[in-house]
Structure formats: structure tokens, C-alpha cells
Amino acid sequence: MKSPITCHVLDTSTGRPAQGVIIKLQQYEETEGDAFLFTPIAKGETDFDGRCTDLLPPITSTETKDLLKPGLYKMIFRTKEYFDSQCVKTFYPWVEITFELSNLSEHYHIPLLISPYGFTTYRGS
């Protein structure tokens, strides 16, 4: 079984999966005032196929059930290190994607298409 939150990173400048992209998952916490506070809850890295399927234990584990709650989350992709490893300059040192997890019985997949000077994302399946 895989993590309830997964991702896939493709380098559109080469047409290949982006192996070795460091990923951090953070959970939003309500604060007083206008501050946005996100707490790190998981860290992973994309594999040879550009996927990270083991960011969290499966939702059936007690640890994950206690950790994940409906709310806002942010996935941070450290793209600069990836492009540095390819000897390519990039404009975006990391990409942050904030999303809402509303139904814990659903799988959340976040694909990211990157190039040195752009990125795009969508809700995957």
C-alpha cells in the first residue's frame, strides 16, 4: 500500500522523470492574526520514475490516521538541487503547492511538471 498523498515530478525540458527531487509535506496550523504557519510532517525524494509514493505510511496505519486531518497542506519541491545536479540554471529554487485535503478516504496525487523557467500542476488520480 502507498502513502495517501503522493506526487510525480516530470522535467518537461528533457521529457524525463525528475529523479532525486526532495519533497517536504507541511500541515497548516491556525494562528491568531495574519500569520500562515505550516508545520513539517513528512519528507521524501522522487525515485527513478519521478514518483514519491512513500511520503507517509498507508492511511491504515495508526500513525497516519492520527497525523492527517482535513485541512490545508503544502508540498514543497526543492527544484534547484535537482537542476543543479543536471548542470542547469533555474529561476525557481523550489515550488510550493498548497492544497486542501477534505476527505481522508480519497487518495491525493500531486503531479508537477517542471522546467528551468516554469512549472505547472494539477490534481492527479
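The values are calculated or read from the model by the stated rules, or taken from the named source; none is laboratory data. The structure displayed is predicted, hence computed values, not measured ones. Quick note on the areas: whole protein, heavy atoms, side chains included, nothing else; ligands and nucleic acids left out. Shrake-Rupley method; radii C 1.70, N 1.55, O 1.52, S 1.80 Å.
Tabulated results
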read-out	value
Region 69-123 and region 2-46: distance between their alpha carbon centers, rounded to Å	6
Region 1-45 shape via C-alpha gyration tensor axes, a/c threshold 1.5	prolate
Accessible surface of the chain, 1.4 Å probe, proportion on carbon and sulfur as whole %	53
Whichever lysines have a C-alpha closer than 28 Å to that of residue 89, once near sequence neighbours (fewer than 8 apart) are set aside	24, 43, 74, 80
Options (1) 18.5, 66; (2) 14.8, 45; (3) 19.5, 54 - which one matches Rg and Dmax of the Cα atoms in Å as calculated here	(2)
Value of relative contact order over region 1-100, rounded to a whole percent, pairs C-alpha under 8 Å and six or more apart	30
For the chain, accessible area per residue (1.4 Å probe, heavy atoms of protein chains only), Å²	59
Rounded, prolate or oblate (a/c below 1.5 giving rounded, otherwise prolate when a/b exceeds b/c) for region 52-125 by Cα gyration tensor	prolate
